Amino acid sequence: MEQYADTVRRICMLHLKNAADSEDVFQDVFLKYALHTAPFESPEHERAWLLRVAINACKDVRRSFFRSRTVPLDTLLDQPAALPDAHREVLEAVLALPEKYRTAIYLHYYEGYAAPEIGKLLGRNVNTIYTWLTRARQMLKEQLGGE
């Protein structure tokens, strides 16, 4: 848990944009991990499994009846008050991307996954991931007005 807690927590915040829901999913992910009996092939397989479970759990929360009928009290943009303006602008731009692009950008730039690994994690063709990354970079470039 010490090794992957930060990664799982960040992926939950990225998808849910709500601290309370993120903590619930975080606990569910590590409960599933504790109950998981099959051995992992490698540390990379273990990390990929945790990320996949976290992403799927976040999707389940977003699709839930309760979630679709309520409005969150806080948002991710309100929480990181200590961020410099330059980082806040980038964070807002990344969060404004459609989910598939936002996930691809996060896994590539923040978690260090290559496109083939992201493709396996998300169950998509590697060329689709390259396309998503290219489109996301273009959208960010337009939003941020930079190189």
Sequence of Lys59, Lys120 from largest to smallest accessible area, 1.4 Å probe: Lys120, Lys59
Keeping all protein chains in the complex and leaving out DNA, RNA and ligands, what accessible area do you get for Thr134 with a 1.4 Å probe, in Å² to the nearest 10? 80
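Say the cut-off is 23 Å between C-alpha atoms; which of Lys120/Lys141; Lys100/Lys141; Lys32/Lys100 go over it? Mind showing how you got there, number by number?
On the way: Lys120/Lys141 27 Å; Lys100/Lys141 17 Å; Lys32/Lys100 25 Å.
Long pairs (Cα-Cα over 23 Å): Lys120/Lys141; Lys32/Lys100.
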Between Ser64 and Met1, what length in nm is gained on full extension when 0.36 nm per residue of separation is reduced by their alpha carbon distance? 20.0 nm
Solvent exposure ordering (accessible area, 1.4 Å, most first) of Arg63, Arg10: Arg63, Arg10
To the nearest 10 square angstrom, what accessible area does Arg135 show with a 1.4 Å probe? 120
Using only protein heavy atoms and a 1.4 Å probe, report how much of Tyr109 is accessible, in Å² to the nearest 10. 120
Would you rank Phe30, Phe40 by solvent-accessible area, highest first, keeping every protein chain in place and using a 1.4 Å probe? Phe40, Phe30
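The values are calculated or read from the model by the stated rules, or taken from the named source; none is laboratory data. Owing to the predicted nature of the structure, the values given are computational and were not obtained by experimental measurement. Accessible surface areas use protein heavy atoms only, side chains included; no ligands, DNA or RNA. Shrake-Rupley method; radii C 1.70, N 1.55, O 1.52, S 1.80 Å.
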